[in-house]
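Enquirer: Quick one: structure below, then a few questions.
The values are calculated or read from the model by the stated rules, or taken from the named source; none is laboratory data. The structure presented is a predicted model; accordingly, all values stated were derived computationally and were not measured. We place every Cβ from the backbone using ideal geometry, glycine too, and count neighbours over all the protein chains shown.
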């Protein structure tokens, strides 16, 4: 089935235009956000001295530019980039083994600053942000608070061992998934979720949510965590955190959230069918088939808060049926309803994706 991207973008704007028609100030311009692309963070190959890269996807043109960071800045992004996060006009890129956070222009990828975590901390992994501050998890067991104006680390906070993703709620509570990943031979026995009062900048509680928590998501109110288990007889599970209580929602290895929809992919490491399901906030199935054309072996998922579009990256499967970690990945783009829009070639180990939007001032 063919699909017009331009038509989709127009339809996505209609509710916003309609909402603006009722303004008391008909002369003032209206800011309209349009989703224009996707940035994909490619891990490279850790331990083989293959640096990571950034793929820049232009949705309207249907094109993917490989090595976009290198082409713009003349330097490699570094060894083992983990994630990117757009906040305002800037994008923050965490580069794990190179121990650096790049701050770049979110439109052009031009480097604005480079941040090295303070002594005694390091190995950036993931981001979240609010109120002019960006928070970076550091695998050393810390969270760094970055001021977005000075583009420097203001302060750090010790949390748990080997933190991964975080979730920041509207009331200023930061949840940090402490994976204890370096302690996997002992069963990640020190894993937890740290609950941090951001205003006071202190940890107020450690939650025991299960084995090896790595991924977190929130819509500002509801908080979810994925515990990856032991990659054997304890499966990966999506759990909801309410206060100090955690309950199972569904099996899952990847997730994203938009409003009251929780997008969950379950790709069991031990084999079996891969499922793509959309749940409500209480774990009831909203849609049992998230997308019309699944990928081979999902590596990351992103859902655009603006348009609702879905982007899933994937490894390619070899003849043996296993993922090819030394071959370039690919990604597939879908509409809000999960209709397939196109495929894009990516770099090695495409572990993270973030949608890019542009803001246009339009007359009312």
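Enquirer: In this structure, is residue 242 more than 21 Å from residue 180 (Cα to Cα), more than 16 Å from the chain's Cα centre (by Cα) and surrounded by fewer than 22 Cβ atoms within 10 Å (Cβ to Cβ)? Spell out the reasoning first.
Expert: Details: more than 21 Å from residue 180 (Cα to Cα): yes; more than 16 Å from the chain's Cα centre (by Cα): yes; surrounded by fewer than 22 Cβ atoms within 10 Å (Cβ to Cβ): yes.
In short, yes.
Enquirer: Since residue 286 meets every condition but one in (1) assigned to a loop (DSSP other than H, G, I, E, B); (2) at pLDDT 95 or above; (3) over 19 Å from residue 345 (Cα atoms), which condition does it not meet?
Expert: Tallying (1) assigned to a loop (DSSP other than H, G, I, E, B); (2) at pLDDT 95 or above; (3) over 19 Å from residue 345 (Cα atoms), residue 286 fails exactly one: (1).
Enquirer: If I ask for residues that are over 16 Å from residue 80 (Cβ atoms) and either more than 20 Å from the chain's Cα centre (by Cα) or buried (at least 19 other Cβ atoms within 10 Å of the Cβ) (or both), which ones from segment 321-332 would you list?
Expert: 321, 322, 323, 324, 327, 330, 331, 332
Enquirer: Name the one entry in 295, 291, 269 that is loosely packed, with under 14 Cβ neighbours inside 10 Å and assigned to a loop (DSSP other than H, G, I, E, B).
Expert: 269
Enquirer: While we're on this one: Quick check on my filter: what residues within segment 100-129 are free of Cβ contacts under 8 Å to residues at least 40 places away in the same chain and not in a loop (DSSP other than H, G, I, E, B)?
Expert: Just the residues of segment 100-129 that are free of Cβ contacts under 8 Å to residues at least 40 places away in the same chain, to begin with: 100, 102, 104-105, 108, 110-123.
Within segment 100-129, 100, 102, 104, 105, 111, 112, 113, 114, 115 qualify.
Enquirer: What number of residues in segment 48-78 are buried (at least 16 other Cβ atoms within 10 Å of the Cβ) and on the phi > 0 side of the Ramachandran plot?
Expert: Counting residues in segment 48-78 that are buried (at least 16 other Cβ atoms within 10 Å of the Cβ) and on the phi > 0 side of the Ramachandran plot gives 2.
Enquirer: If you don't mind, there's one more thing I want to ask. Restricting segment 59-73 to residues that are within 18 Å of residue 357 (Cβ to Cβ), touching a residue at least 24 places away in the same chain (Cβ under 8 Å) and assigned to a loop (DSSP other than H, G, I, E, B), which is nearest to the chain's Cα centre (by Cα)?
Expert: Ranking the candidates gives 59 first.
Enquirer: Let me ask something additional. Which of the residues that make up segment 303-320 are surrounded by fewer than 21 Cβ atoms within 10 Å (Cβ to Cβ), part of a strand (DSSP E or B) and in contact (Cβ under 8 Å) with a residue 40 or more places away in the chain?
Expert: none
Enquirer: So the check is Cβ under 6 Å with 6+ separation or different chains; which pairs have a first residue in segment 218-231 that's over 20 Å from residue 169 (Cα atoms) and a second one that's modelled with pLDDT of 95 or more and part of a strand (DSSP E or B)?
Expert: Once the first residue is over 20 Å from residue 169 (Cα atoms) and sits in segment 218-231, its partners that are modelled with pLDDT of 95 or more and part of a strand (DSSP E or B) give 228/214.
Enquirer: Could you tell me whether segment 173-190 includes any residue that is on the phi > 0 side of the Ramachandran plot and touching a strand residue (DSSP E or B) at 6+ places or on another chain (Cβ under 7 Å)?
Expert: Checked against the condition, which is being on the phi > 0 side of the Ramachandran plot and touching a strand residue (DSSP E or B) at 6+ places or on another chain (Cβ under 7 Å), segment 173-190 yields no hits at all.
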